[in-house]
1. According to a simple spin-label model (label point 7 Å from Cα along Cα-to-Cβ), what is the distance in nm between Arg35 and Ser15?
2. Could you tell me the largest-minus-smallest coordinate of the C-alpha atoms of region 11-58 on each of the three principal axes, in descending order and whole angstroms?
3. Within 10 Å, count the other beta carbons around each residue, average over each peptide in 42-51, 5-14, and list them highest first.
4. With each pseudo-label sitting 7 Å past Cα toward Cβ, what's the Leu44-Ala27 distance in nm, one decimal?
5. From the backbone phi of region 26-35, what are the Karplus-calculated ³J(HN,Hα) couplings (6.51 cos²θ - 1.76 cosθ + 1.60, θ = phi - 60°) in whole Hz, Gly and Pro given as x?
6. To the nearest 20 debye, what charge dipole does region 1-44 have about its Cα centre, counting +1 at the Cβ of each Lys and Arg and -1 at the Cβ of each Asp and Glu?
Amino acid sequence: MTKQIAVRLPDDLVSFIDHVVEEGGAASRAELVFRALERERRRLLTERDIALLTGGVPDDLAGIEEHAAPLDDLD
């Protein structure tokens, strides 16, 4: 399922998007914006994973360890 949304972008960014589409780098404006947002989502998830793996817990997950099962319960 998809939803249509309206966003306002600076003229230079729209020109860039149109140029990429005209050059065949994307089938449409929507496809290019979708790919860019997916890339940003993966980047943010990666940052979160790195923080968790290196011992830093992002603020939005503070206290989650209180609700997690102890490691010895996983056996």
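All of the numbers you see were taken from the coordinates with simple rules; none came from a lab. None of these values were measured; they are calculated from a predicted model. Cβ coordinates were reconstructed from backbone atoms using ideal geometry, including for glycine residues, and neighbour counts include every protein chain displayed.
1. 2.2 nm
2. 45, 20, 13
3. Result, highest mean Cβ count within 10 Å first: 42-51, 5-14.
4. With each label placed 7 Å out from Cα toward Cβ, I get 2.6 nm.
5. Going residue by residue, I get 7, 6, 7, 4, 4, 4, 5, 5, 4, 4 Hz, with x marking Gly and Pro.
6. For this selection, approximately 420 debye.
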